[in-house]
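FYI, it's all coordinate maths here, none of it is from the lab. Bear in mind that the values here come from a model prediction, so they are computed numbers and not experimental data. We place every Cβ from the backbone using ideal geometry, glycine too, and count neighbours over all the protein chains shown.
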């Protein structure tokens with residue numbers, strides 16, 4: 001059924017948008033087409049534009065062209081999804097992660113624009129407020145700033161979780177950074193980290209800006225008092241010939257050069273659920289550190305790695321090896337046997353198979369054995385009462401290397417580990 005409707009009305013044409021309504025009225029009442037030339041004069045719009053809008057042929061929105069980022073859409077969606085345990089506190093973290101792990105090939109500005117255009121992605125990142133601070137600079141070799149990035153919750157591939165701390169020291173003039181994963185912020189780890197960091201730098205700055213941690217200060221520095229440096233740390237500073245400069249409590253901007261890059265360290269959380277162990281974690285942090293030292297610094301306009309060469313010429317000499325070894329966590333060297341095991345306190349512990357027959361270095365701190373080959377951390381074990389201690393991955397690789405005729409390696413590995421567990425239990429009865 002059809003209805004014919006005639007409309008008797010007056011329409012005032014004020015702009016080109018009203019022309020669409022005019023056409024509907026003209027057609028409904030079977031009127032003659034309007035005088036486009038007259039409308040053009042009254043509205044001061046080109047006659048062709050008037051006709052175009054009247055006919056409904058105004059320019060339509062063009063569909064956006066596909067970009068190089070579009071092929072990463074699903075990856076980004078997964079990384080930022082509610083079920084992902086990987087964390088990206090800043091857009092720049094996500095950008096660098098995609099470049100590093102998924103070969104993203106776009107500029108940072110284009111990437112940021114892409115994220116902001118996508119409401120789902122843009123809402124993931126909360127805007128960060130910047131704190132006001134007075135910008136200060138020091139001569140080359142004059143100063144370094146130290147701090148801990150504490151209690152970062154990290155999840156490994158197998159679902160196990162740990163709290164890690166990252167020691168951070170930044171040379172103030174060059175912004176050259178040294179970062180290292182440490183299981184705790186105890187004074188032993190503090191001395192070990194600073195000694196190793198100064199050794200890597202190749203010298204010691206004249207002064208070190210520090211916070212008011214109890215491992216450094218007995219009494220915090222405030223507006224009303226200078227504070228009191230811990231006796232052991234004071235001796236450490238004397239042995240390395242630098243001055244301790246504690247910042248004022250509740251004023252982190254005093255050491256902004258070490259505070260600001262802390263958010264870069266958080267990039268390690270991008271790898272939540274992706275890494276097997278602390279060795280891989282340490283290696284990823286080294287990559288992040290190297291990238292940070294190679295990028296142009298906003299404050300200087302020059303990559304820290306280039307300015308570091310100048311800074312190194314102006315820093316103080318390291319103390320002798322005897323002094324440095326005193327502050328390093330004690331080590332001893334052993335050789336890995338043909339079973340892929342090393343011995344500590346008459347107990348055996350595994351390492352990756354590629355280190356069989358090689359000399360490794362052990363650092364034992366607070367019931368934890370850190371294992372190094374040269375300066376590289378290759379594995380870690382908790383001090384155990386068991387006679388034989390294998391990490392599952394080390395055990396599987398060892399079995400694969402020595403038992404090539406076994407059909408189902410995984411079943412054989414599980415069976416063998418159970419047998420070792422029984423052996424350890426039986427042996428413990430006689431100890």
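Observations on the model:
- Evaluated on the range 293-360, the Kirkwood hydrodynamic radius is 16.3 Å, with distances taken between all distinct Cα atoms.
- Protection proxy ranking of 190-197, 67-74, 156-163 - average other beta-carbon atoms within 10 Å, highest first: 190-197, 67-74, 156-163
- Full-stretch length increase - residue 276, residue 245 - with 0.36 nm per residue and alpha-carbon distance subtracted: 7.2 nm
- Simple label model, 7 Å out from Cα along Cβ direction - residue 322 to residue 75, nm: 5.5 nm
- Its alpha carbons give the range 70-122 an Rg and a Dmax of 10.2, 28 Å.
- Packing, taken as the mean count of other beta carbons within 10 Å per residue, orders the peptides 277-285, 321-329 from highest to lowest as 277-285, 321-329.
- Nitroxide proxy distance, nm - points 7 Å out along Cα→Cβ at residue 124 and residue 225: 4.8 nm
- Per the Debye formula on identical point scatterers at the alpha carbon atoms of the range 143-323, with no solvent, log10 I(q)/I(0) at q = 0.18, 0.19 Å⁻¹ is -1.25, -1.35.
- Extension gain for residue 283-residue 51 works out to 76.8 nm (0.36 nm per residue, less the C-alpha to C-alpha distance).
- Highest-first packing order for the peptide set 335-345, 76-86 is 335-345, 76-86, based on the mean count of other beta carbon atoms within 10 Å.
- Difference of contour (0.36 nm per residue) and Cα-Cα distance, residue 66 to residue 310: 83.3 nm
- Put a dot 7 Å past the Cα of residue 330, heading toward its Cβ, do the same for residue 385, and the two dots end up 2.3 nm apart.
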